[in-house]
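Reading through the structure tokens given below for one structure.
Please treat every number below as a calculation from the coordinates, not as lab data. Here the structure is a predicted model, which means the values were calculated and not measured. As a convention, Cβ positions derive from the backbone with ideal geometry for all residues, glycine included, and neighbour counts pool all protein chains shown.
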Amino acid sequence: MQDRGTAFLERRLGTWVRSRMGRHSAAFVMFALKQGWAALFGILFLAALIVSRAVWQPDWVVSRYDALFVFAVGTQALFLWLRLEEWEEARVIVLFHVTGTVMEVFKLAQGSWDYPDAGVFEIAGVPLFSGFMYGCVGSFMARVIRIFHMQFAPYPPFWATVVLAGAIYANFFTHHFGPDIRVVLFAATVLMFWRTRIWFFPGAHAYWMPLPVAAFLSAFFLWLAENVGTLTQTWVYAGQGRLDLVSLGKLGSWYLLLYVSFVTVTLVMRDALHRDPVRPADRELSGE
């Protein structure tokens, strides 16, 4: 749930925006502002990548990677202290760190990408701050569901979504040794979720978007964020030049990985899932 301070700021900001523009324009502005607020962890992390790349010197006692790890841990602790994240959500985000770090260790061993610098806080050559990159995704999903009071309907059987998420995650490993079934997985996400609407509230009124469309748009922004990582030389892909953009093929990888992330978050946000088609009633912001 939103804390009272956040809800109060939302009401005041919503009232100010609505007093200066029409309903739909105000909804768009509130949508953009709330998206930025939900993505706060990721925004701060990207800013840390850019600033650290600009100022860090190789002869400093603390390595850049270790500083990024300390920054990420401190930011996570601050989010919990300020109640920007709930403890229940934080426990799920830990799963993002574990599954993300396991994938990083495997992919690094396969030569899929590399970390050009070094640090003390690392496992098998993978700096521990990398787990927070996946944690940023989990943080965003948990916060955006709460901030927009999202509802997902009609939602497929939960067990089927878990099976699909497991198959997607496994394919990131198995395609190195066997067939790559990502095309089948792309089709499965659309077939399973094509009827599912994400109902959300930029203000008092509900809007909706097909879940696969939302996943694709989110994947695009994650692809942009990944380019920040490579342009700052935080990590580099095999064969990638200093100023080369990340391959568009990674956009598809992010699209699939988002389903793994989403299903992981729904482990503690089951109340937002509805088997039957549902249109949420408009909210009374003044009494929230």
ask   = Against the longest principal axis of the chain, how steep is helix 64-81, in degrees 0 to 90 to the nearest 10, with axes from Cα atoms?
value = 20
inquiry  = Can you tally the net charge around Tyr237? Count Lys and Arg as +1, Asp and Glu as -1, for every other residue whose Cβ sits under 15 Å from the Cβ of Tyr237.
reply    = -1
task = Could you please state, rounded to a whole Å, how far the C-alpha centre of region 27-69 is from the C-alpha centre of region 120-153?
result = 13
query = In square nanometres, what is one fourth of the surface area of the convex hull spanned by the alpha carbons of region 106-173?
reply = 6.6
remark   = Long-range share for region 4-287, i.e. C-alpha pairs more than 29 Å apart as a percent of all pairs, stands at 37
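Which whole-number percentage describes the relative contact order of region 193-288, with Cα contacts under 8 Å and a sequence gap of 6 or more?
Over region 193-288, the number comes to 33 percent.
If you rank Trp235, Trp60, Trp208 by fewest surrounding Cβ atoms within 10 Å, what's the result?
So the residues, fewest neighbours to most, are Trp60, Trp208, Trp235.
Which trypsin sites (Lys or Arg not before Pro) in region 204-288 pass both tests, a DSSP loop state and at most 16 other beta-carbon atoms within 10 Å?
Numbers: sites: Arg242, Lys250, Arg270, Arg275, Arg283; in loops: Arg242, Arg275, Arg283.
When the trypsin sites (Lys or Arg not before Pro) of region 204-288 are filtered for loop state and at most 16 Cβ neighbours within 10 Å, Arg242, Arg275, Arg283 remain.
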request  = Give me the compactness ratio for region 141-219, meaning the Cα radius of gyration over 2.2 N^0.38 Å.
outcome  = 1.27
ask   = With labels modelled as points extended 7 Å from the Cα through the Cβ direction, what inter-label distance (nm, one decimal) is found for Ala170 paired with Leu78?
value = 4.1
task = Taking 7 Å along the Cα-to-C-beta vector as the label spot, tell me the Phe28-Asp59 distance in nanometres, rounded to one decimal.
result = 5.3
